[in-house]
Amino acid sequence: MAAMRASTGRQVLLVNADAQSTSIHWATARRDHPDMPQVTTVTMRGQKIHTEIADMAKRFEDVVIDTGGHDCVELRSALVASDRLLMPLRPSQPDIWTLEKMAEIIEQVSTVNERLQCFVFVNQVPSTSRDRLRVAMTEVMESWPQFQLLKTAWMFRGAFASAIGEGLTVHEMKPRDGKAAAEASFLYGEIFQ
């Protein structure tokens, strides 16, 4: 999302607040593609990253924060500074169980950040069960009104992992996976409408 946003000419800051450092690895690999729009990427850790993000946000049009998918001080602090949460959710019971914990976190954070909007999109969907899983996820999400289920679903496609490893977006990969690119575009459109 950060690179897609940068490709529109916007000044984007990508904050890596995840110990796995996927964003940093992606940004490092992206340097091998100087013809692509570069995204300023920094690492922030700790329970006060929201203050650093607020300061840096004055110099950028958009700030994208990668905190990983588990409860930690970085996630909570990032949510204090955020307008939107985009949460990928696999169509599996363990991922659905995480909604309860995330709902608790969102409730706590909303006391200090009333502007936070929480979006969920279904990720890594087996293509053979897309429609059935979409209906099931819609029913599940009715129990969690604090989360808006987006229409976009990403199928289980190798192009997403390959693009990350290359420091690219699925739009920039050669050869291009048209279906993956369309899914990424649909998600981008729902988030940055």
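One table, with the values for the structure above:
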| item | result |
| --- | --- |
| Qualifying residue in region 162-175 (condition: more than 16 Å from residue 88 (Cα to Cα), modelled with pLDDT under 85 and acidic (Asp, Glu)) | no |
| Residue ID - surrounded by the most Cβ atoms within 10 Å (Cβ to Cβ), chosen from residues in region 138-193 that are under 19 Å from residue 35 (Cα atoms) and of a type in the set (S, T, N, Q) | 169 |
| Scan of region 22-37 for residues that are out of contact with any strand residue (DSSP E or B) (no Cβ under 7 Å at 6 or more places or on another chain) and buried (at least 16 other Cβ atoms within 10 Å of the Cβ), ordered by number | 26, 30, 36, 37 |
| Considering residues of region 90-117 that are β-branched (Val, Ile, Thr) and either touching a residue at least 40 places away in the same chain (Cβ under 8 Å) or over 18 Å from residue 149 (Cα atoms) (or both) only, the residue surrounded by the most Cβ atoms within 10 Å (Cβ to Cβ) | 109 |
| Options 106, 53; residue that is in contact with a helix residue (DSSP H, G or I) (Cβ under 6 Å, 6 or more places away or on another chain), farther than 19 Å from residue 152 by Cα and part of a helix (DSSP H, G or I) | 53 |
| Test for residue 92: is it of a type in the set (Gly, Ala, Ser) and out of contact with any helix residue (DSSP H, G or I) (no Cβ under 9 Å at 6 or more places or on another chain) | yes |
| Test: residue in region 87-96 that is within 18 Å of residue 23 (Cα to Cα) and not in a helix (DSSP H, G or I) | yes |
| Test for residue 134: is it at pLDDT below 85, basic (Lys, Arg), farther than 27 Å from residue 175 by Cβ and surrounded by 13 or more Cβ atoms within 10 Å (Cβ to Cβ) | yes |
| Members of region 63-75 that are at pLDDT 90 or above and surrounded by fewer than 18 Cβ atoms within 10 Å (Cβ to Cβ) | 72, 73 |
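The values are calculated or read from the model by the stated rules, or taken from the named source; none is laboratory data. Since the model is a prediction, treat every value here as computed from it, not as a measurement. Note: ideal-geometry Cβ built from the backbone for every residue, glycine included; neighbour counts use all protein chains shown.
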